[in-house]
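To keep things clear, I will list the structure first and then write my remarks on it.
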Amino acid sequence: MTELIRDQVASFIQDGIRLAQEAEALPPFPLPHIGVERPRQVAHGDYATPVCLQLTEDARMAPRAIATRVVDHLPTATFVGGVDVAGPGYINVTLDSSWVARQTRHILEGGHKWGHINLGSGNRVQVEFVSANPTGPITVGSTRNAVIGDVLASVLEAAGFLVEREYYVNDAGSQVRKFGESLYARYAQALGEDEPFPADGYLGGYVVDMAAELARQLGRKYLESDRPEAIQALGELGIERVLDQAEADLAALRVTFDTWFHERTLYESGLFDRLLQRLRENGFITEREGAVWFTSPDLEEDAVLVRSPQVIPDPAERPTYLGSDVAYVWNKLVERGFDRAIYVWGADHHGDVPRVRAVAKALGLDPDRVEIIIYQMVNLKRGAQDVRMSKRAGEFVTLREMIDEVGPDPIRFLLLTRTVDATIDFDLDLAVEQSEKNPVYYVQYAHARICSILRYAAEQGWDPDDEGDVSLLTHESEQALIRKMLELPEIVAHAAEQRAPHRLTFYAQELAAQFHAFYRDCRVVAEEDAERTRARLMLVRAARMTLAQALGLLGVTAPEQM
RNA sequence: GCCCCAGUAGCUCAACUGGACAGAGCAUCGGACUUCUAAUCCGAGGGCUGCAGGUUCAAGUCCUGCCUGGGGUACCA
């Protein structure tokens, strides 16, 4: 666990303001929140705060004058090398370079915990993601979902939250039947029967394949039994197999779940009925046209929870998704007691966000505990060409095909090179291209290069675990590399706070670039300078650890050679 | 019609949720391998942040209106 330098700088500045007030260099006013940022320009130091720009009214002084008085009263701090007043009234803080050098040892001591922080202080967070309908293979959109959810979960873990990953299986309602009907038709056809395909059935070839396999394994068993029962049984069997496949494919993407939660259990346990009653008693339910509507002052329109028998004959198929969500959100926040439930949804579901939050509020829960991350769509490309996809016609590229074609590393990395708010083009050609256009290999190459140095050093008789004098790490490129490594905990904090997993891919690239610059400037293994070699080997090990940590959070492998 | 997301360098995108001269990568042009991996590095050019107003000491970021692209708007999931 590391205390963020950002926070240390903030309290350092705060001390300066307080001491200036005690010395009556500044008038009394309540201590403000100290916003600390990393300046874009290196000339502006390692950290900066514009806080004095906001204090002009409180202090009745010009911002630069305030900043000067704060700086005059700053205490001493070992990590601070210099403080300047700059521009309109910024306070710029530069880290002490010998302190920076010493952090190399600190990083190495952190081991696999380096970069972990205690933002979450043990709060329990559930991240529910993918949750694709179990009626077909995982597609590209769900792949983005998987990567965002998984890396966000990892980042939250590193930030000190207790995280559980959950896949919500939509196995209630009409999908089972619809899928069963499609499967039944293909099954019968596979056995030579002249069975018509349902009008709104699943057209994909995978249904044909699965039906053929079932026909081979089960023979004519389900043609001879009661038809609705056969459809039901085949539907359940099919969903089971789709889920097995999804689990395997996601595992190949290195995404695994703590819980596969079945929607059906929300009804079997009677929870749905109990909560409907609760909502009814509290005035959130109206019934009209035979349907049960959820009505809330927070919504512009009522939403159906249970459809009318005139529209849907089967009682089991009447509750809508939102109906299930009533029970599900209660299950998450009350029965299982998560402090917070994060949902990862595609942009095509954004319209449901206010409804789920309104449901939570109507149940008496704090809607802020329900957090929904909306990510934009993925366009699959081959070079400049769009890959045409039609889910209805069953034509789409599956996660399995993407893994077979490009492998998990590029999929994971490239899908996290955009904010969740931006639509993303995923170029299958670029993903496998091992060139400077592909940032995955850029970062992995840096790691392989580091390992190569360590191998070479060992060959030359250096003990890789030898301790060196890190105070020798004074070169500009050595310092820049350490400073970049020291950013990791803050990147984790930011990615966790802002739910911005893409931060990690940007950071990994910056760190790799900083390492390559160091490599250019500084020879590591040099017989004639044993002390410096030992110090630099420590630095290289720390760099390896930091890069591996960033890649580890991304779920991307850190190869020892390429 | 209404709701959500985006519009930033030739292209693809960042920008620490209001802070300093708006940054990367790719592409283009010019350089660097008898040295621990050239899948690398160095340098150069490239901008009215879609448009028009407004708020603020300070706006790519906030508010209003428009334009363009994508998504949504069912007793679908």
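The values are calculated or read from the model by the stated rules, or taken from the named source; none is laboratory data. These numbers were taken from a predicted model, which means no experiment stands behind them. Don't worry about glycine lacking a Cβ; one is built from the backbone with ideal geometry, like all the others, and counts go over all protein chains shown.
Summary table
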| quantity | calculated |
| --- | --- |
| Selection count where residues are near RNA strand B (Cβ under 8 Å from one of its atoms) and in a helix (DSSP H, G or I), scope segment A:494-517 | 11 |
| Tabulated pairs, segment A:342-357, first among the charged types (D, E, K, R) and part of a helix (DSSP H, G or I), second more than 9 Å from RNA strand B (Cβ to nearest atom) and modelled with pLDDT under 95, C-beta under 8 angstrom, 6+ apart or interchain | A:Arg355/A:Leu299; A:Arg357/A:Asp298; A:Arg357/A:Pro367 |
| Options A:Asn133, A:Asn92, A:Asn123; residue that is at pLDDT 95 or above and closer than 27 Å to A:Ile342 by Cβ | A:Asn123 |
| Lone qualifier among A:Pro63, A:Pro50, A:Pro39 - being within 27 Å of A:Ala158 (Cβ to Cβ), within 16 Å of RNA strand B (Cβ to nearest atom) and touching a strand residue (DSSP E or B) at 6+ places or on another chain (Cβ under 9 Å) | A:Pro39 |
| Tally of residues being in a loop (DSSP other than H, G, I, E, B), over 30 Å from A:Gly111 (Cβ atoms) and in contact (Cβ under 8 Å) with a residue 12 or more places away in the chain across segment A:1-28 | 4 |
| Any hit, segment A:29-43, residues being part of a helix (DSSP H, G or I) and surrounded by fewer than 17 Cβ atoms within 10 Å (Cβ to Cβ) | yes |
| Residues of segment A:79-101 classified as closer than 19 Å to A:Leu31 by Cα and not in a strand (DSSP E or B), total | 1 |
| Listing of helices (runs of 4 or more DSSP H) fully contained in segment A:205-309 that carry 3 or more residues being modelled with pLDDT under 95 | A:205-218, A:221-224, A:227-252 |
| Scan of segment A:234-287 for residues that are β-branched (Val, Ile, Thr) and touching a residue at least 12 places away in the same chain (Cβ under 8 Å), ordered by number | A:Ile239, A:Val242, A:Val255, A:Thr256, A:Thr259, A:Ile285, A:Thr286 |
| Lone qualifier among A:Thr76, A:Thr104, A:Thr143 - being of a type in the set (S, T, N, Q), more than 16 Å from RNA strand B (Cβ to nearest atom) and not in a helix (DSSP H, G or I) | A:Thr76 |
| Filter result for A:Glu490 (out of contact with any strand residue (DSSP E or B) (no Cβ under 8 Å at 6 or more places or on another chain), under 16 Å from A:Ala158 (Cβ atoms), among the acidic types (Asp, Glu) and near RNA strand B (Cβ under 10 Å from one of its atoms)) | yes |
| Residue among A:Leu428, A:Leu473, A:Leu414 that is at pLDDT 95 or above and either surrounded by fewer than 19 Cβ atoms within 10 Å (Cβ to Cβ) or touching a Lys or Arg at 6+ places or on another chain (Cβ under 9 Å) (or both) | A:Leu473 |
| Residue match in segment A:501-511 (condition: under 21 Å from A:Ala101 (Cβ atoms) and among the acidic types (Asp, Glu)) | yes |
| All positions within segment A:522-535 that are near RNA strand B (Cβ under 8 Å from one of its atoms) and either of a type in the set (D, E, K, R) or assigned by TED's automatic domain parsing to the domain that holds A:Gly160 (or both) | A:Arg523 |
| Subset tally (residues that are more than 9 Å from RNA strand B (Cβ to nearest atom) and aromatic (Phe, Trp, Tyr)) for segment A:401-452 | 2 |
